[in-house]
Every structure is written in C-alpha cells, then in structure tokens.
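First comes the structure, then the notes that go with it.
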Amino acid sequence: MALRVMTVAAGAEFGGSETFFVSLTLALKRAGVGMRAVTKPFLIREEAFRGAGIAYAKAPFLYPGLDIYTPWRIAKAAADFKPDCVLAFTGRGADMTPPGDYTLIGRLGGYYRLEYYKRCDHLVCITPDLVRHVVEGGFPEERVTFIPNFPVIQDGPAIGRAVFDTPKDAPLALSLGRLHKAKAIDVLLKAAVQVPDLWLWIAGEGPDRAELERLAKDLGVAGRVRFLGWRTDRSALLRACDVCVFPSRFEPNGTVVVEAWAHDVPLVTAASAGPAWIARDNEDALIAPIDDADGLAERIRAVLESKELAARLVANGKRRIEQEFSEAAVVGRYVGLFERVRRR
C-alpha cells in the first residue's frame with residue numbers, strides 16, 4: 001500500500017521550524033509519498049501547498065484545552081485522508097493532534113517541553129543532542145530517531161545588489177534568521193564596526209527589529225546595513241553574498257549552516273549548540289565564541305581576505321552536503337522511518 005503522511009504545524013508565520021515544515025512536506029510529495037497538511041492559516045504556507053498540489057486544512061491552533069476546534073479539524077482531516085503516519089511539527093502541533101488510526105510522530109527542532117509529546121508513538125530529533133534531551137527526559141530510546149534537516153536550493157540567479165542599494169564590488173555578508181536576542185544580530189552589528197568596508201544584509205523579521213535598527217544607527221553602521229524583512233528567496237540572497245554569518249547565542253540546530261554550504265558560500269558562525277555540532281572549525285566553517293564581536297569580526301576578515309581559505313571552506317562544506325545533508329538522503333531517512341513504524 002502506498003505510503004500516506006499528514007504533516008501538522010502550528011508555530012509563527014515565520015521561523016526556521018515553520019519553513020522546514022513546508023520544505024519537508026513538499027519534498028516528501030516529490031519523493032512519491034501521498035501528502036496532506038494541517039496548518040495555521042498563513043498565506044505563505046497556503047501558496048506553497050497549492051503550488052505543489054498538496055491539499056491542506058486550516059486550524060487556529062489556539063490554547064490547548066480551550067481550543068476544541070483544532071483537534072476536531074485535525075481528526076477530520078485524518079479521517080478523510082487516512083494517513084499511515086502524522087508528523088507533528090512544534091509542541092502545540094503534537095499536543096493538539098488527537099489519537100487515531102495512525103502512528104503519531106513528533107518532530108523536535110529545539111529543547112521543547114516533553115509533556116507536549118506525551119501522546120506521540122515516536123519522536124524525530126534533528127540533532128544528536130536533542131536525542132539526548134528527550135531520552136534523559138524519559139522518552140524510550142528505541143522510539144527516538146535522529147534525522148537532520150536538508151537545505152532548500154531554489155532555481156534562479158543571484159539578486160542584484162542594486163535592489164538593496166548596495167555597491168556592486170563591496171564585501172557583502174548575509175545573515176538569515178529571526179530578529180530575536182537568541183540570534184545575536186547585535187553582536188554581528190558590533191562586529192561590522194570592525195570591518196569598515198563590509199556591507200551587511202539581514203534577512204529576517206522579529207520582535208527586536210526596531211531595537212536592532214537603533215543599534216545600527218548608534219554604532220554608525222546603518223548606512224551599510226540593510227534590514228530586508230522575511231524573505232522567501234534565500235537562494236538568490238546567498239548567491240549574492242561573499243560570506244554568510246550566523247552569530248546565534250542559542251541555536252539547537254541551524255539550517256543556515258547547511259544552506260550556506262549548499263550555495264557555495266563560506267560560513268562564519270558562533271559556537272552555539274547546533275552549529276558547533278554540524279560545522280568543523282577551520283575545515284568547513286570558521287567558528288567564533290558566542291557573544292564575541294571581536295572574534296566574529298576577525299573571522300569575517302579572514303574569509304574576505306583569503307580566497308584560498310574561502311574556497312577550502314566551500315569545498316569541504318559541499319562535500320558534507322553530498323554525504324550527510326542532501327534532500328535525497330534526509331527524505332530517504334524519513335520514508336524509512338514511516339515505513340518502519342506505520343501501523344497498517
């Protein structure tokens with residue numbers, strides 16, 4: 001019988017886990033898996049599912065225990081679709097998915113509270129340290145599987161620098177992520193002070209945007225910093241830059257690492273949990289201490305000043321993608337898990 005999977009996600013409109021919810025749903029469809037989705041009603045997700053020919057249901061995902069409509073809507077979608085497995089992104093997605101004639105799998109992209117996953121038959125963790133987290137939290141080890149994320153590579157050329165009023169020949173760094181203290185964009189802005197010819201594109205949205213814009217002005221770098229908002233053309237942005245900088249203070253995974261590798265862009269990152277696990281210092285990335293603007297600036301300068309270093313980081317990163325983080329490899333692991341744990 002052909003494999004049928006339903007993905008479920010609450011979450012914010014923008015964010016890494018929310019983006020990968022859409023990316024994985026589409027990738028599984030491309031791999032021949034029958035797919036259905038249940039999502040919060042965000043236009044960016046709905047357009048992606050419609051474009052891929054994936055039917056979806058919408059639910060509000062309000063407060064568990066008070067929102068009786070969302071569990072009913074998920075149950076109704078499952079009854080209509082009859083999935084073998086339901087893959088729930090986000091704790092609320094797992095907590096609000098009712099039991100049914102399917103295997104419920106929770107996917108953890110962070111150190112979430114495990115009570116949200118108490119009804120799950122199996123868990124997927126996107127880093128080995130998250131596996132440790134859930135097993136130490138009491139979830140049976142034999143019901144936990146490690147599967148990393150893959151990068152999404154979009155077709156098309158680099159975006160023109162003139163679009164964001166950026167000099168054609170200026171050294172350009174790109175940062176991707178939510179504008180939140182965990183992402184340490186403030187540290188990156190302080191590092192930019194020490195690289196006076198560096199221009200910086202910051203692609204993301206979040207609660208700290210106004211504060212970060214004020215900081216850029218206070219530091220005297222606002223003239224060469226561009227806040228781009230949330231973008232769906234990440235490949236075009238990556239193809240336009242000279243270095244990708246990922247300075248997070250707290251990062252359980254960090255898909256940006258593999259996205260930079262997949263687009264042949266040298267990477268400078270901070271030593272938060274996810275990037276420190278994925279990347280290898282001075283092999284496929286340069287890794288600075290957390291909250292160290294001086295160290296970040298030093299490593300950015302090193303990449304910009306040495307074509308040999310940049311080329312070596314790119315080549316080794318590309319090799320890691322081919323061996324460990326390609327879409328085909330990651331989707332194959334998900335399909336193998338679904339086949340192994342499905343009930344029917």
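Here are the numbers:
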| item | result |
| --- | --- |
| Simple label model, 7 Å out from Cα along Cβ direction - Gln323 to Glu339, nm | 2.5 |
| For region 161-324, with +1 on Lys and Arg beta carbons and -1 on Asp and Glu, the positive-most of Pro275, Pro247, Gly223 along the dipole | Gly223 |
| Given Lys118/Lys183; Lys40/Lys190; Lys183/Lys318, the pairs whose alpha carbons are separated by over 27 Å | Lys118/Lys183; Lys40/Lys190 |
| C-alpha long axis of helix 209-219 to longest principal axis of the chain, angle in ° | 10 |
| Cα convex hull of region 97-159 - mean projected area over all directions, nm² | 6.4 |
| Vicinal HN-Hα couplings computed from phi for region 327-338 (Karplus, 6.51 cos²θ - 1.76 cosθ + 1.60; Hz; Gly/Pro x) | 4, 4, 5, 5, 4, x, 5, 5, 4, x, 5, 4 |
| Within-13-Å neighbourhood charge of Phe164 [Cβ basis; K, R +1; D, E -1] | +3 |
| Cα centroid separation, region 190-238 to region 79-104 (Å) | 39 |
| Computed FRET value (nearest 0.05) for Ala55 with Asp129, which takes r as the C-beta separation and R₀ as 35 Å | 0.45 |
| For the chain, calculated [θ]222 nm from helices alone, where every DSSP H run of n ≥ 4 adds -39500 (n - 2.57) | -11500 deg cm²/dmol |
| Translational diffusion coefficient (Stokes-Einstein; Kirkwood radius from C-alpha pairs) of region 161-324 at 37 °C, 0.692 mPa s, in µm²/s | 213 |
| Dimensions (Å) - region 289-344, Cα atoms, principal axes, largest first | 57, 27, 10 |
| Share, in percent, of DSSP beta bridges within region 161-324 that are antiparallel, nearest 5 | 5 |
| For region 80-227, alpha-carbon Rg and Dmax in angstrom | 21.1, 60 |
| Burial order of peptide ranges 78-91, 126-139, 230-243 (average beta-carbon count within 10 Å, highest first) | 78-91, 230-243, 126-139 |
| Computed E for Ala79/Asp165 - FRET, C-beta separation, R0 45 angstrom, nearest 0.05 | 0.30 |
| 3J(HN,Hα) from dihedral phi, region 308-315, Karplus parametrisation 6.51/-1.76/1.60, rounded to Hz, x for glycine, proline | 5, 4, 4, 5, 5, 4, 5, 4 |
| Dipole moment magnitude, nearest 20 debye, the chain about Cα centre, only Lys, Arg, Asp, Glu C-beta charged | 1140 |
| Ordering of 280-291, 152-163 by burial proxy (mean other Cβ atoms within 10 Å per residue, highest first) | 280-291, 152-163 |
| Inter-site label distance for Asp101 and Asp155 at 7 Å from Cα along Cβ, in nm | 4.0 |
| Residue-by-residue Karplus 3J(HN,Hα) for region 197-204, coefficients 6.51, -1.76, 1.60, Hz, glycine and proline x | 9, 7, 9, 9, 9, 10, 9, x |
| Dipole of the chain, positive end: most advanced residue of Leu188, Ile290, His133 [Cβ charges, Cα centre] | His133 |
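Coordinate-derived values only; no laboratory data. In this text, all values refer to a predicted model and were calculated from it rather than measured experimentally. Backbone-built Cβ (ideal geometry, glycine too); neighbour counts: all protein chains shown.
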